[in-house]
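Rule-based calculations on the coordinates, nothing more; no lab input. The structure presented is a predicted model; accordingly, all values stated were derived computationally and were not measured. Methodologically, a virtual Cβ is constructed for each residue, glycine included, from the backbone with ideal geometry; neighbour enumeration extends over all protein chains shown.
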Amino acid sequence: DSARSSRESEAVARHRPRPVLPSWLWLWFPPLLLLVILPVRVIDAGTYRVWIDGELGLIELTTPLLAFGGAVVGGMLFRELLQEGRSKLLAWVGLHILACIYFAGEELSWGQHLIGWSTPEGIAALNDQGETNLHNMSSWLDQKPRLLLELWVLIGGVIVPLWGLRAARRLSPDVTFSWVWPTLDCLPTALLAILVRLPERLKDVFDIASLPYEIRYSEPQEYYFALFLLLYLAA
């Protein structure tokens, strides 16, 4: 009974409207990327294209780094849950670890962007961009997983924490269920992940040809997806 009471207390604390990670990580670090890349894009498009948006640019390298960090943190969490006997959460955490590994590997074309090998002919014939990855072969390996992740970020990272902040209470008396939901630590990153794609979507809705100082909005969004996964597993 005391162990159960302790777990319930932990669940309650987890969903009170306060973060558990240091503020520099969950609050101040997320907007840093935009504060760096947007001025560079305004000042010099060439520099932005090479050093920020290129295959070995800032975004393309930091995104898989964050995703790999999420896999490492997730592995530590998995081991902790295994030791504590919380078997109900193992599959959920394991799914996120696999997502982080897939995310990091695909972003780097499993090392091709770093090492620079030639894509095997069989893969190149199936791949839209002639790269050694899976996400350019089928929408089932790219757009659809991305949509599921975006919905998870929107619902779990924005709607649920805001509701919890307003209600000032946990979501469920079930301890396992409560631990599934992201905490307030993920909110700034989740908001940025959704909002950074807003200009592109407004273009589509209002049929706007182009916007001033456009960027590939999907790239910073992927960065924030990776950061979200890292913070979710860390919190």
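Points to keep in mind about this one:
- Most to least packed among 186-195, 207-216 [average Cβ atoms within 10 Å]: 186-195, 207-216
- Expected-Rg normalisation [2.2 N^0.38 Å, Cα atoms] applied to the chain: 1.11
- Value of relative contact order over region 53-115, rounded to a whole percent, pairs C-alpha under 8 Å and six or more apart: 44
- Where N is the number of residues in region 48-148, Cα Rg divided by 2.2 N^0.38 Å: 1.26
- Gain on full extension, evaluated as 0.36 nm per residue between residue 197 and residue 216 minus their Cα-Cα distance, stands at 5.9 nm.
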